[in-house]
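Each remark here refers to the structure printed beneath this line.
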Amino acid sequence: MNDIDSTDLFRVIGKNVKYYRKLYNLKNGKMTQENLAEIVDVSTALIGNLESDKIEQGVSVFTLWKISKALNVPIDKLFDDSDFNDRNLEA
């Protein structure tokens, strides 16, 4: 396993949440930050902060599990630190 600090981990999680939310948009219809926050029962600010490159936002495993269920993606995909250059969606 690669060494990773908390800042990098939160950035990976946030980029994956954003990626899979946009992928959900392409496959299943609109999933805004507001929609996701409502489904997961967290604030829209938390989802926005997670997806932001400028803010380090911690998040509980339970919340990540709920996000993964809402986006229909296995939770381990939210921790995938593969090259993000191959995963850009403009949706």
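Each reported figure results from applying straightforward, stated rules to the coordinates on display, with no laboratory input. Only a predicted model underlies this, so the values are computations on that prediction, with no experimental measurement involved. A quick note on method: Cβ atoms are made from the backbone with ideal geometry, for glycine too, and the neighbour counts reach across all protein chains shown.
Structure values in brief
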{"read-out": "By average C-beta atoms within 10 angstrom, highest first, the peptides 3-9, 57-63", "value": "57-63, 3-9"}
{"read-out": "Estimated 222 nm signal from helices in the chain, with DSSP H stretches of n ≥ 4 weighted -39500 (n - 2.57), rounded to 500", "value": "-17000 deg cm²/dmol"}
{"read-out": "Longest segment of the chain lacking trypsin sites (Lys or Arg not before Pro) that sit in a DSSP loop with at most 12 other Cβ atoms within 10 Å", "value": "55-91"}
